[in-house]
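K.L.:
A single structure is presented below for examination.
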Amino acid sequence: MPVRSPRSCGQAGSGRIHVKSRQSRLWRSLLVARRTVLDEMRAIENVVRAILREGGITLGTPARAAFAGRVRELAGDDPLILPLVTPLLAILATMLEQLDRLTRQVLVIVRGEAGCRRLMSVPGVGPITALAFRATIDRPERFRHSRDVGAHLGLTPSRDQSGETDIQGKVSRCGDELARTAPYEAAHSLLTRSRKWSSLRAWGMQLAKHRGMARARVAVARKLAVVLHRMWSDGTAFRFGKEPAPAPAIMAA
């Protein structure tokens, strides 16, 4: 029976189980709480959109803060639609308030963490990605090689191996989904929103041109994970081009 390579699941290290610090566990709990609220908000928004479609109304893509106002504007005083969406909009208002509260907690933590601020110097990496990476890795010395971080996050191809075959498949998606999503979203931001040139973005855009944006996002996410770990380990700054690395700086663990 084919077996999955341990390296593809991020088990290339010593095999010892790492117990994360209490701080990292609490940081992750905060991020999970925020993600849960955000996911539930998206689910309710989709229900509202479906209700409007049943009434022949197309909502479009308003900003989250303008969502409720736009729905009320389009629904008007419709006696069938308005009673359906009003309770959902009230729930969304409460959830938006709590989402903002959780986001502010993330921002307070990141402002006080020199390590997170350094990681955020990488184009596409925001507070959520920086804190998710810090909370997941916990201690950079866990990984002897920065390239092992991609496997730990499930961003490397899976391997199905038997005595005579060695098949490389899609990304393994092993490990922490929250931590894997963070560099993926950062890669998407780097490729589609960032206007600042870097060799990493140029490489990703070239890959997208030949292999498609979906594969480019995964590849850039994998490289981002390596870059972030190296910056954290060495205390070096992000290199936009091919220039030599600046002198290391002391970075808070």
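The values are calculated or read from the model by the stated rules, or taken from the named source; none is laboratory data. Worth saying up front: this structure is predicted, and the values here are computed from it rather than measured. No Cβ is skipped: glycine too gets one built from the backbone with ideal geometry, and neighbour counts run over all protein chains shown.
K.L.:
If you check 217, 201, which single one turns out to be in contact with a Phe, Trp or Tyr (Cβ under 8 Å, 6 or more places away or on another chain) and at pLDDT 90 or above?
P.N.:
Details: 201 fails: in contact with a Phe, Trp or Tyr (Cβ under 8 Å, 6 or more places away or on another chain).
Checking each option against the conditions leaves just 217.
K.L.:
Separate question: Go through the stretch 205-218 residue by residue and tally those that are touching a helix residue (DSSP H, G or I) at 6+ places or on another chain (Cβ under 6 Å) and either aliphatic (A, V, I, L, M) or not in a helix (DSSP H, G or I) (or both). Walk me through it before giving the result.
P.N.:
Keep residues of the stretch 205-218 that are touching a helix residue (DSSP H, G or I) at 6+ places or on another chain (Cβ under 6 Å), which gives 207-208, 216-217.
In the following step, the residues that additionally are either aliphatic (A, V, I, L, M) or not in a helix (DSSP H, G or I) (or both) were identified as 207-208, 216.
Result for the stretch 205-218: 3.
K.L.:
Moving on. Is it the case, given these coordinates, that residue 24 is under 28 Å from the mean Cα position of the chain (by Cα) and either at pLDDT below 95 or farther than 30 Å from residue 110 by Cβ (or both)? Lay out the reasoning, then the answer.
P.N.:
Details: under 28 Å from the mean Cα position of the chain (by Cα): yes; either at pLDDT below 95 or farther than 30 Å from residue 110 by Cβ (or both): yes.
Judged against the criteria, residue 24 is a match.
K.L.:
OK, next. Quick one: in the stretch 33-46, of everything that is surrounded by 13 or more Cβ atoms within 10 Å (Cβ to Cβ) and of a type in the set (Val, Ile, Thr), which residue is nearest to the chain's Cα centre (by Cα)? First the steps, then the outcome.
P.N.:
Step one: of the stretch 33-46, the residues surrounded by 13 or more Cβ atoms within 10 Å (Cβ to Cβ) are 33-35, 37-38, 40-41, 44-45.
From what is left, the residues that are of a type in the set (Val, Ile, Thr) are 37, 44.
Values: 37: 16, 44: 22 Å.
Taking the candidates together, the pick is 37.
K.L.:
How many of the residues making up the stretch 182-204 are of a type in the set (S, T, N, Q) and either part of a loop (DSSP other than H, G, I, E, B) or buried (at least 19 other Cβ atoms within 10 Å of the Cβ) (or both)? Lay out the reasoning, then the answer.
P.N.:
Of all residues in the stretch 182-204, those of a type in the set (S, T, N, Q) come to 189, 192, 194, 198-199.
Imposing the further condition that a residue be either part of a loop (DSSP other than H, G, I, E, B) or buried (at least 19 other Cβ atoms within 10 Å of the Cβ) (or both) reduces the set to 194, 198.
Adding up the residues that qualify gives 2.
K.L.:
Which one of 211, 193, 217 is under 28 Å from residue 139 (Cβ atoms), in the same structural domain as residue 132 (by TED's automatic domain parsing) and among the charged types (D, E, K, R)?
P.N.:
Numbers: 211 fails: under 28 Å from residue 139 (Cβ atoms); 193 fails: under 28 Å from residue 139 (Cβ atoms).
When all the criteria are applied, what remains is 217.
K.L.:
Please count how many residues of the stretch 43-55 are among the basic types (Lys, Arg) and closer than 11 Å to residue 67 by Cβ.
P.N.:
Restricting attention to the stretch 43-55, the residues satisfying the condition of being among the basic types (Lys, Arg) are 49, 53.
Going one step further and asking which of them are closer than 11 Å to residue 67 by Cβ, we end up with 49.
Number satisfying all stated conditions: 1.
K.L.:
Go through the stretch 76-87 residue by residue and tally those that are surrounded by fewer than 16 Cβ atoms within 10 Å (Cβ to Cβ) and in contact (Cβ under 8 Å) with a residue 12 or more places away in the chain.
P.N.:
Number of matching residues: 2.
K.L.:
Right, here's the next one. Answer yes or no: is there a residue in the stretch 55-62 that is surrounded by fewer than 17 Cβ atoms within 10 Å (Cβ to Cβ) and within 30 Å of residue 25 (Cβ to Cβ).
P.N.:
Within the stretch 55-62, not a single residue is surrounded by fewer than 17 Cβ atoms within 10 Å (Cβ to Cβ) and within 30 Å of residue 25 (Cβ to Cβ).
K.L.:
A further question on this structure: Can you name the condition, by its number, that residue 179 falls short on among (1) part of a helix (DSSP H, G or I); (2) at pLDDT 80 or above?
P.N.:
Looking at each condition in turn, residue 179 falls short on (2).
K.L.:
Taking the stated definitions as given, is residue 132 small (Gly, Ala, Ser) and free of Cβ contacts under 8 Å to residues at least 12 places away in the same chain? Can you show your working first?
P.N.:
Numbers: small (Gly, Ala, Ser): yes; free of Cβ contacts under 8 Å to residues at least 12 places away in the same chain: no.
When the stated conditions are applied, residue 132 does not pass them.
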